[in-house]
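Right, one structure below, let's go through it.
Quick note: the coordinates plus some simple rules give every number you see, no bench work behind them. Predicted, not measured: the structure shown is a model, and the values here were computed from it. Cβ atoms come from the backbone with ideal geometry, glycine included; neighbour counts cover every protein chain shown.
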Amino acid sequence: MDIRLENLTKTFSNKDKTHETIAVNDFSFTIKSGHLVGLLGPSGCGKSTTLFLLAGLLTPTSGKIFFGDEDVTALPPEKRGIGLVFQNYALYPHMTVYDNIAFPLRNSKSFKEEHKDAKERKMEIDKIVQETARIVAIEELLDRKPAQLSGGQQQRVAIARAIAKKPKVLLLDEPLSNLDARLRIQTREEIRRIQKATGITTVFVTHDQEEAMSITDEIIIMKSGVIQQINEPQETYIHPANVFVAQFLGNPPINMFPVKVEGGHFVLNDKRAIRTVLPDGDYQMGIRPESFNLCEAGTDESVDAEVVFKATIGRDSQVRFNINGKLCEALIESDRQVAEGGMASFTLKRSGVHLFDTAGERIELW
């Protein structure tokens with residue numbers, strides 16, 4: 001089922017209504033049926049507010065929300081057909097895993113109306129619980145209670161409970177934030193597998209770029225309640241719309257520094273280094289750390305820079321160069337010889353070089 005937001009806005013006022021905060025500012029976008037979309041951005045950017053608007057836990061100040069062709073803007077959460085998973089799982093500690101999954105079915109008025117006979121209803125609940133447990137791979141845990149489970153297992157139980165009632169839309173609010181690093185990787189892959197197996201249109205809120213980049217079909221990057229860019233993860237990384245997106249995606253982060261164009265060349269460390277057709281003037285250049293290629297001095301379009309730091313970390317060396325008065329971090333192969341305190345020459349991979357105007361908006365460079 002498609003999700004469509006039209007000019008969605010949510011503002012919050014303080015107690016005496018003398019100040020308003022715009023948490024979501026004129027959102028318009030469509031999530032395709034069966035897709036997993038990530039809402040990504042720093043804390044306070046409005047991503048959880050957007051999720052709560054989709055869930056019906058908050059009422060928009062203006063705008064509309066559609067699930068398919070149905071306007072659900074004014075519908076309460078229980079009538080929207082959603083499954084919602086919070087970061088704290090919210091499992092019932094006194095219930096078994098089986099009973100946690102079965103709980104929303106046993107308390108669903110529509111489910112009771114559909115299955116009026118108590119015996120038939122019990123059999124249908126058992127069928128759904130067993131099938132859901134199989135999908136999320138927790139069949140052997142049905143008799144346990146939440147305290148007997150690991151964090152990753154509890155998360156899968158929470159997802160199973162959310163999808164047991166066959167929701168039209170699955171909403172996940174930072175579901176991995178309570179897990180350790182290794183378990184986060186395993187569980188995010190499980191979430192992707194489950195989402196593909198069920199085909200449920202899913203919205204995944206996170207502040208972790210790696211999570212969003214690794215499992216989503218599309219990411220929506222937000223800042224201060226405003227959409228900055230909507231695109232497939234890799235396309236967003238390769239073609240950031242502005243400086244904020246470029247700096248938010250990437251670890252280590254992109255190197256940003258001022259640059260001039262003079263006579264058809266970018267000036268790097270007082271040398272006309274890279275040819276361009278752009279007019280003379282001031283710009284902002286971003287270079288991804290993985291985009292530096294060491295080369296021989298005097299190579300065409302090469303840049304000479306002082307090496308101010310080097311540390312070898314496994315297969316890569318982390319190197320910092322001084323470029324146009326800014327320290328820039330590079331990742332190079334650890335077997336390449338470069339000496340701290342000396343000079344090095346490098347060329348740049350074009351795919352990792354980005355240019356922005358002085359207002360921070362992208363300029364197509366190549």
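Here, region 255-363 has an Rg and a Dmax of 13.7, 42 Å when only alpha carbons are counted. Altogether, the Stokes-Einstein calculation at 10 °C and 1.306 mPa s, with the Kirkwood radius of region 3-242 over Cα pairs as Rh, returns a diffusion coefficient of 85 µm²/s.
Evaluated with a Cβ-only charge set (Lys, Arg +1; Asp, Glu -1), region 1-119 carries a dipole of roughly 240 debye about its Cα centre, given to the nearest 20.
Separation of region 328-366 and region 72-101, taken as the distance between their Cα centroids, equals 47 angstrom.
Annotation: for a label point projected 7 angstrom from Cα along Cα→Cβ of Asn107, residues of region 133-169 with backbone N closer than 15 Å are 158, 161-165. About its Cα centre, the chain has a charge dipole of approximately 1400 debye under the convention of +1 per Lys or Arg Cβ and -1 per Asp or Glu Cβ, with nothing else charged. Length gained on full extension, Ser13 to Phe66: 16.5 nm, using 0.36 nm per residue less the C-alpha separation.
With distances taken between every two different alpha-carbon atoms, region 149-255 has a Kirkwood hydrodynamic radius of 14.9 Å. Of all lysines in the structure, those lying under 20 Å Cα to Cα from Lys10, and not within fewer than 8 positions of it along the same chain, are Lys47, Lys64, Lys223.
Note on Gln247 and Asn25: the extension gain reaches 77.7 nm, defined as 0.36 nm multiplied by sequence separation minus the Cα-Cα distance.
Structural descriptor for the chain: relative contact order 15 percent, calculated from alpha carbon pairs under 8 angstrom and at least 6 residues apart.
Computed over the alpha-carbon pairs of region 21-98, the distance histogram in 10 Å steps reads 14, 45, 30, 10, 1 percent, short to long. Electrostatic tally near Phe86: other residues with Cβ closer than 12 Å to its Cβ, Lys and Arg +1, Asp and Glu -1, net -1. Mind scanning Lys79/Lys168; Lys109/Lys166; Lys122/Lys165; Lys122/Lys145 and naming the pairs with a C-alpha gap bigger than 18 Å? Pairs exceeding the cut-off: Lys122/Lys145. The calculated FRET efficiency for Asn322 paired with Arg182, based on their beta-carbon distance and R0 = 51 Å, is about 0.90. Tell me the relative contact order for region 129-202 as a rounded percent, counting alpha carbon contacts under 8 Å between residues six or more apart. Once normalised by length, the contact order is 34 percent.
Projecting the Cα atoms of Ile238, Ile200, Val353 onto the charge dipole of the chain (Cβ charges, centred on the Cα centre) puts Ile200 farthest toward the positive pole.
Taken as Cα centroids, region 188-202 and region 141-173 sit 13 Å apart, rounded to the nearest whole angstrom.
Using Cα pairs under 8 angstrom and six or more residues apart, how large is the relative contact order of region 269-348, in percent? Once normalised by length, the contact order is 37 percent. In plain terms, the chain from Glu210 to Arg275 could stretch by 20.0 nm, reckoned as 0.36 nm per residue minus the Cα-Cα distance. Residues Thr21, Thr9, Thr49, Thr59, ranked from the fewest to the most other C-beta atoms within 10 Å, line up as Thr59, Thr21, Thr9, Thr49. Relative to the Cα centre, the charge distribution of region 205-249, modelled as +1 at Lys and Arg Cβ and -1 at Asp and Glu Cβ, gives a dipole magnitude of about 280 debye.
Computing FRET efficiency as 1/(1 + (r/R0)^6) for Ser33 and Arg121, where r is the C-beta to C-beta distance and R0 is 41 Å, gives about 0.90.
Per-residue Cβ neighbour counts within 10 Å put Arg144, Arg106 in the sequence Arg106, Arg144, beginning with the fewest.
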